[in-house]
1. Considering only region A:65-84, state which residues are modelled with pLDDT under 85 and more than 7 Å from every other protein chain (Cβ to nearest Cβ).
2. Residue under question is A:Leu36, and the condition is that it be within 16 Å of DNA strand D (Cβ to nearest atom), of a type in the set (A, V, I, L, M) and either closer than 15 Å to B:Ser151 by Cα or within 14 Å of another protein chain (Cβ to nearest Cβ) (or both); does it hold?
3. Name the residues in region B:85-112 that are away from chain A (no Cβ under 13 Å), of a type in the set (S, T, N, Q) and within 14 Å of DNA strand C (Cβ to nearest atom), would you?
4. Does A:Asn115 satisfy the criteria of being surrounded by fewer than 12 Cβ atoms within 10 Å (Cβ to Cβ), more than 16 Å from DNA strand C (Cβ to nearest atom) and polar (S, T, N, Q)?
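The values are calculated or read from the model by the stated rules, or taken from the named source; none is laboratory data. Just so you know, these numbers come straight off a predicted model, no measurement behind them. Quick reminder, even Gly has a Cβ in these numbers, built from the backbone with ideal geometry, and neighbours come from all protein chains shown.
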Number of protein chains: 2
Amino acid sequence: MFRGFTTLSVDSKGRMAIPSRYRERLMELADGALVLTLNPLDHSLWLYPLTEWELIEAKLAALSDFDRQSRRAKQMMRGYACDCQLDSQGRILLPVELRDYASIGKQVVILGQGNKFELWDETCWKQQRDEWLQEVGNDNGQPSDTLKTLSL
Amino acid sequence: MFRGFTTLSVDSKGRMAIPSRYRERLMELADGALVLTLNPLDHSLWLYPLTEWELIEAKLAALSDFDRQSRRAKQMMRGYACDCQLDSQGRILLPVELRDYASIGKQVVILGQGNKFELWDETCWKQQRDEWLQEVGNDNGQPSDTLKTLSL
DNA sequence: GGGAATTGTGGGTAAATGTGGGTAATCAGA
DNA sequence: TCTGATTACCCACATTTACCCACAATTCCC
């Protein structure tokens, strides 16, 4: 499973290097084939190895078209899913639309998140992180029922 | 299966290029034969490879004429279904009636959606997308029960 | 601490792709 | 049968993308 944090830069062509410690695993899993899509819950991107994405796609395909929320989730996640391939330098190309969606500028943060990675614009990530930390610290944000019983 | 997002332009003759990464698959599946029809759930269009459409047509044929919603779905989807063929440049011609239904102007968005593609006017799509993202972000729109248990 | 290998970054070039428009063939209506 | 409109095919251009090589920075090892 993927974990950890890296800051990377996006070059003028919109390319981003994948940290080398993940590359071997990515080659094993799907020969470097990746799927990048938007994270509809935050303004960030999700990056799956192709094999992991196929599981997600199956879950999405099972959702009904007649439930509006489900339909939108399918449209967004599948619609924006983009096939990427590690190039010979271990980089991937981030399509303009996805960069825009996540306001990705020159510096990117990549977070290992289990079966996938999460990509944030560096500035956005810092804001988000600080906001969330403050919420938790303040006890304003009531934890949801599931979290109330969670021991870490 | 199809996924991904592309912005394309419709030329003065009403033609639209199919992104090249899909063309080979489309030739394999049905020799470039496609069926374009309206999406009765949104004001957009659905584009099926002929072989996939035939499955849909069978499903539609099985729906009862005495259920009003089913009857309408049959009428609309079958009635507006239009045969298209990839031309030598990998383009298809969008009939005027369907372009009107989806308010398709100069710029079109094509979304891969599993067994089919979804075609939107670019402006309409952006509106749709932003509305939905806001709903999800605000936590107002309660996720439907299926979504509540969905881990991505 | 110094040298070598690995990793991250930048950019040039050639091929592929998307776009536009001219011209010939086809079709429908009068 | 003639005429006008629509559709299919062809060629040409501009942009984008993929592939390649090169350098800078970092890490690792002796």
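1. A:Phe66, A:Arg68 - these are the residues of region A:65-84 that are modelled with pLDDT under 85 and more than 7 Å from every other protein chain (Cβ to nearest Cβ).
2. For A:Leu36, the condition - within 16 Å of DNA strand D (Cβ to nearest atom), of a type in the set (A, V, I, L, M) and either closer than 15 Å to B:Ser151 by Cα or within 14 Å of another protein chain (Cβ to nearest Cβ) (or both) - is met.
3. B:Gln85, B:Ser88, B:Gln89
4. Numbers: surrounded by fewer than 12 Cβ atoms within 10 Å (Cβ to Cβ): no; more than 16 Å from DNA strand C (Cβ to nearest atom): yes; polar (S, T, N, Q): yes.
The answer is no for A:Asn115.
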